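Structure first, then comments.
Just so it is clear, none of the values below were taken in a lab; they were calculated from the coordinates. Note that this is a predicted model, so its numbers are computed, not measured. Positions of Cβ are generated from backbone atoms using ideal geometry, with glycine treated the same way; all protein chains shown enter the neighbour counts.
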């Protein structure tokens, strides 16, 4: 059972001196307002934003929407924990099996990088997700690893393990290469993946 403001958890990554990233749960459609209020209090807060196109009766409009409903991320030390909870529209910190787990800087930076480069991102839970490990080998997202989850459309899944979500985006298959661990079927042996002018067999 989660207790608001209780730090006596099984595992607690809060530090007295080193700020770390944690996920918080906000009131619906209050993510940006929470970020504004926390920033005003001197607390670093990040709300991932996704650009989406909405078709109205006479025009199309590009709008910025929170990528993950009711989620925001704060970089805090121990003494900022309670002030975050006291901020209006903040409901709770996200616990993982009752543990207050910090999110690595690298995962937050990866999230920022993808949101900056790609629009129309879909999110999904990543538990038990099966797919083929691949890496982007060209463009601004070179080096990012994920899973090939579809032949068409949003085919590339980036797993954010500590946040507990996957970002599903569309990447040109020519910009992907298989990584060690690729398990191919007999059909794939007969039809290798074409990428950047080379044939990748796994």
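Here are some notes:
- Inter-part distance, region 94-120 to region 27-42, computed on C-alpha centroids, equals 17 Å.
- Relative contact order for region 20-103, counting Cα pairs under 8 Å that sit 6 or more residues apart, in percent: 46 percent
- Entry note: region 5-64 has Rg to Rh equal to 1.15, where both radii use alpha-carbon atoms and Rh is the Kirkwood radius.
- Difference of contour (0.36 nm per residue) and Cα-Cα distance, residue 65 to residue 105: 12.1 nm
- When each of 115, 45 is scored by the number of other beta-carbon atoms lying within 10 Å, the sequence from fewest to most is 115, 45.
- Among 77, 87, 18, a tally of other beta-carbon atoms within 10 Å of each Cβ gives an order, fewest to most, of 18, 77, 87.
- Approximating the spin labels as points 7 Å out from Cα along Cα→Cβ, the residue 112-to-residue 40 distance works out to 2.4 nm.
- Contour excess over end-to-end distance, with Cα ends at residue 57 and residue 85 and 0.36 nm allotted per residue: 6.0 nm
- Once the chain from residue 15 to residue 124 is taken as fully extended at 0.36 nm per residue, the excess over their C-alpha distance is 36.2 nm.
- For region 20-103, the convex hull drawn through the C-alpha positions has a volume of 104 cubic angstrom per residue.
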